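These notes are about the structure you will find just below.
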Amino acid sequence: MRRSAAPSSRHGLLGRPPGTNENSFPSSSKSNILSSSPVLQKPSSTNYQTSVPASSNGALAIRSTASVLSLLGQLKRPNSQASPPDQETRQEKCGEQRIGNNAGTLEVPAPSSSVGNDSVSTKRIFRVVWGKPSSKKHKTWEGDGTLEVGEKTATLMDEEGKVLGRATQVKTDLLEEGSRMKVGGKEVELIDLLSGPVINNEVVPTTTSSKRAASEPADDLPSTSWKKPKKKTTHSLVKFTTEGCDALVLPSPSNDHQWTFNPRKLPVTQVAVDSFLSRVLRPHQKEGVTFLYECVMGMKNSQYFGSILADEMGLGKTLQTITLLWTLLRKGPYGGYPVVRRALVVSPSSLVLNWQKEFDRWLGKHRLRTFAVDQKNKVTEFARLTQIPIMLISYEMLMRNFDDISQIKFDILVCDEGHRLKNNNIRTSVLLNQLEIKARVLLTGTPIQNDLQEFYALVDFVNPGILGSAQEFRKKFEEPIVASRQPNCTNDEQVLGDERALELNSRTSCFILRRTQAVINQYLPTKTEIVVFIKPVPIQRNLCRAALDWWENRDRNPGSGDVCHLGVMTALKKICNHPALIKCENLFEDDPDDDTGSYQESLLQELSNFYNGYEGGNVAVHHSAKLTVVRRLMEHTLGLGERMVLVSYFTQTLDLLASLCDEMGLRYCRLDGSTPSTQRTAIVDEFNATYSQSVIFLLSARAGGVGLNLVGASRLVLFDSDWNPASDAQAMSRIWRDGQRKSVYIYRLLTCGTIEEKIFQRQLSKAGLSGAVVDPQKRSKIKLSKEELKDLFTFHSGEESITHCSLNCNCDGSGSVPSPGDSSFSDDKENELDDDERDCQLRLGSKSKHDQNEQGDLRMNQLFQWQHHGPPFVNNAVQLLGLLQASDLLAFMFVSPPSTEPHA
Ligand SMILES: Nc1ncnc2c1ncn2[C@@H]1O[C@H](COP(=O)(O)OP(=O)(O)OP(=O)(O)O)[C@@H](O)[C@H]1O
Ligand SMILES: [Mg+2]
């Protein structure tokens, strides 16, 4: 016996169609796509597609919930049980598939409720749970079923369509979702409305939609008008027009799909996205929804139901997912039955309430409510709430409440920022894998972060086994692809690696969809990215040299060994941020790379000898070149009335930036790892509010780098970089998103000649790895060699950008895009200029142009398409970027081509 109103679906998700019985359809009870294994049953030679097949390209559009609802109405009537065969006969007679005719109309069966009654049919069908009567608020239900509600009667049927009881003299107009009543000695709770009444061939607003505000258009109802059927026969056809380019009709199942997943031979109904959603979807989002639908329905591969939506940041993965879930919760291709009853959406804690907000924004609370698990809203409570189909939960909460969650039957799992499942041994992945949910959608803007093993883990999570075992994958794909990206690889290795990358791409592209930000360019204001190379101030140079000397002599220092590389890197990064950070109690406190031991004291001691300038109190801004630049940039930006996001990977650096704000008398918001998840959305909302007093947002890239919308700001500074380009890309994408009205400037600050520049170059190499799978033409180098490590620990003068030098670019730094004659790589460059790929492919460790050419694998990079600004930085562009006041500290700048022409 089950507690709570979450009865299992023995007959697929929602069981037998209302009103059907064993005679009306084949008796197999396992027709649900997502929750039961299919029972193979040879279909008759006739196509069961008795309703309206969508055109394969989805061009024909029926914006109608009515067709599905009316079909349900038809099915429930005993005298319409024979309708599928009849329709088949008709179809055979006509010798055609009922796809749109030349006049752009579609034919669908008339709503049966209208048959024989031209004006009114008031029958409604509710999905219900039933059990013994009891006065308990949270009672134990015994089964699922349907309740057919007439004018004064209500008939309760179980999942098999067997009548369990009838009630007469019922005040049916009071019944709505959530109501409880007694029928035939059983207590019944109405969950949701499957089919509404039909009046004059139009489905009138359901109980749910009648709750809609009076002023709001009934936009989930068909916007196309139904025309009267010519004949009032059971199977007369209704034509209605398909005008309107907003409509989105999802693909119909193939015959194979029907064979596998429709053993009961339910009529195939068209699944269209409700128009209130389809009209707000951008073209790429329509494509995305269709793609996800095909994947989770097993239409692309009947063995696998997973998908990765890997669109770049800000493309609206949330809206696409919400559209998918809403549609699956309401509809399905077989008998019109919803495919999903309950959905689980897992996200980072900072985004749980954002998901709720987005659900409310796009669907409205009157259509759907969601349940966000937190300290107050317990998982067990959700299990009892039959009317709330969506659970939103953070990864952390999921782990804490796993036992309760595993008791609930979910039909689809969505993992937002799913790249965190890049290791299938971590506890989150292990637990999520234990949930028996076949349909899995993983959302990520950055599918590959470090290596192909991580990519494998993501793929294997959504579609277990599709790429074989981890070992097989390593042998077949990873090793050859990695080998082909080594600078000294042979021709054969090269060819094999390219082949395997291609194969991997083709094997995964049917369930991974990735679009770049280029697709939203036209909807957003201009975005300009600026890589700013800043000259370190003398104290920073001295400290860098001291740290590197210490490293050179590491044999004489305690705790030497591999681990000390990481420690020195952290120290160098902190020196670049501000020398004061080395005075912090624990030098390595919040560096994720830190794995240091006792030797840090020795390094700290060494560095302290060089820096005594920080005694607490005000920040010595002039001890950090980057901080000085930020201060001047802030003055410029705030003077224009714009707001700014400052991002760092170090909480100590955020403290420093907070002190700077205090000193400047600026109000700021801050989100870092210590911000309670319950407060995060409120903080973001406060900042984004039009009249917010907060002009600066201090953001920890680790705690809040993903998913957030910070469109209240139009400038963002990435104060320090991560080894992982994906993390930086995530953080830098927070302000250039829908809702942004101003031109956006994104500054990446690098202290030149230091480890920061090396990390940047390393990133350019790693970024290419993503391309290796998404775009097999890309090639990149993956691992750091010993030489590269040594290169990392070389401090250059700090007077010029080594990145620009490594391009061998002879431009005059006047701010123009280099012309072919500016580089000695002109032969290669020509090819590269045709290349509109996003990622740069600078190869770290390349010492000279000669070396690179000998390897024959230098790919000229995107930086040749950027503006090159060198000293003396006096032109208007520098002024516009707000950096003129900081020009004494600048060594070089790359400025991206504007993403779009400025909006009118
Ligand atoms: N079609 C649309 N019309 C208007 N606004 C939209 C549309 N699609 C998405 N948005 C808005 O764009 C913003 C970004 O969308 P969303 O957060 O879903 O991006 P994302 O793809 O998940 O990015 P990330 O990878 O950074 O999480 C949100 O505020 C969302 O409401
Ligand atoms: Mg997102």
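Out of everything in the stretch 718-734 that is touching an Asp or Glu at 6+ places or on another chain (Cβ under 8 Å) and part of a loop (DSSP other than H, G, I, E, B), what residue ends up being nearest to ligand 1 (Cβ to nearest atom)?
Restricting to residues being touching an Asp or Glu at 6+ places or on another chain (Cβ under 8 Å) and part of a loop (DSSP other than H, G, I, E, B), the top hit is S733.
In the stretch 666-698, which residue that is closer than 23 Å to E417 by Cα and either within 13 Å of ligand 1 (Cβ to nearest atom) or basic (K, R) (or both) is surrounded by the fewest Cβ atoms within 10 Å (Cβ to Cβ)?
Ranking the qualifying residues of the stretch 666-698, first place goes to D685.
Just to be sure, is T380 among the β-branched types (V, I, T), within 16 Å of ligand 2 (Cβ to nearest atom) and free of Cβ contacts under 8 Å to residues at least 40 places away in the same chain?
No; evaluated as a whole, the condition is false for this residue.
Search the stretch 399-412 for residues being closer than 25 Å to G445 by Cα and either assigned to a helix (DSSP H, G or I) or in contact with a helix residue (DSSP H, G or I) (Cβ under 7 Å, 6 or more places away or on another chain) (or both), and hand back the single one that is farthest from ligand 2 (Cβ to nearest atom).
M399
In the stretch 413-428, how many are assigned to a helix (DSSP H, G or I) and either more than 19 Å from V373 (Cα to Cα) or in contact (Cβ under 8 Å) with a residue 40 or more places away in the chain (or both)?
Result for the stretch 413-428: 5.
Yes or no, residue by residue, for (1) under 18 Å from L708 (Cβ atoms); (2) in contact with a helix residue (DSSP H, G or I) (Cβ under 6 Å, 6 or more places away or on another chain):
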site	(1), (2)
D655	no, no
C661	no, no
M664	no, no
R667	no, no
S674	yes, no
S677	yes, yes
I683	yes, no
E686	yes, no
Y691	no, no
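What are the pairs with Cβ atoms under 8 angstrom where one residue, in the stretch 163-182, is assigned to a loop (DSSP other than H, G, I, E, B) and the other, located anywhere, is at pLDDT 90 or above and small (G, A, S)? Sequence gap at least six, or different chains.
V170/A154; L175/A154
Taking the criterion of being more than 16 Å from ligand 2 (Cβ to nearest atom) and under 19 Å from V532 (Cβ atoms), would at least one residue in the stretch 725-737 satisfy it?
Applying the first criterion (more than 16 Å from ligand 2 (Cβ to nearest atom)) to the stretch 725-737 yields 725, 728.
Add one more test, that the residue is under 19 Å from V532 (Cβ atoms), and what stays is 725, 728.
Scanning the stretch 725-737, I find at least one residue that is more than 16 Å from ligand 2 (Cβ to nearest atom) and under 19 Å from V532 (Cβ atoms), so the answer is yes.
Going by what's in this entry, would D173 be described as out of contact with any Leu (no Cβ under 8 Å at 6 or more places or on another chain) and either surrounded by 20 or more Cβ atoms within 10 Å (Cβ to Cβ) or modelled with pLDDT of 65 or more (or both)?
For D173, the condition - out of contact with any Leu (no Cβ under 8 Å at 6 or more places or on another chain) and either surrounded by 20 or more Cβ atoms within 10 Å (Cβ to Cβ) or modelled with pLDDT of 65 or more (or both) - is met.
Return the residues of the stretch 360-374 that are more than 16 Å from ligand 2 (Cβ to nearest atom) and touching a residue at least 40 places away in the same chain (Cβ under 8 Å); say none if nothing qualifies.
L363, G364, H366, R367, L368, D374, listed by residue number.
Restricting attention to the stretch 302-310, does a residue exist that is under 11 Å from the mean Cα position of the chain (by Cα) and within 11 Å of ligand 2 (Cβ to nearest atom)?
yes
Answer yes or no as to whether K357 is over 18 Å from G418 (Cα atoms) and either within 16 Å of ligand 2 (Cβ to nearest atom) or in a helix (DSSP H, G or I) (or both). Reasoning before the result, please.
Working: over 18 Å from G418 (Cα atoms): yes; either within 16 Å of ligand 2 (Cβ to nearest atom) or in a helix (DSSP H, G or I) (or both): yes.
In short, yes.
Inside the stretch 420-444, can you point out the residues that are within 13 Å of ligand 1 (Cβ to nearest atom) and either outside the structural domain of A343 (by the TED database) or at pLDDT 90 or above (or both)?
V441, L442, L443, T444
What is the residue count in the stretch 391-407 for residues that are out of contact with any strand residue (DSSP E or B) (no Cβ under 7 Å at 6 or more places or on another chain), closer than 14 Å to L432 by Cβ and not charged (D, E, K, R)?
Residues flagged as out of contact with any strand residue (DSSP E or B) (no Cβ under 7 Å at 6 or more places or on another chain), closer than 14 Å to L432 by Cβ and not charged (D, E, K, R) within the stretch 391-407 amount to 6.
Select from the stretch 293-315 the residues that are among the acidic types (D, E) and within 16 Å of ligand 1 (Cβ to nearest atom) and list them in ascending order.
The answer is D311, E312.
The values are calculated or read from the model by the stated rules, or taken from the named source; none is laboratory data. What you see is a predicted model, and the numbers here were worked out from it, not measured in a lab. So basically every Cβ, Gly included, is an ideal-geometry build from the backbone, and we count neighbours across all protein chains shown.
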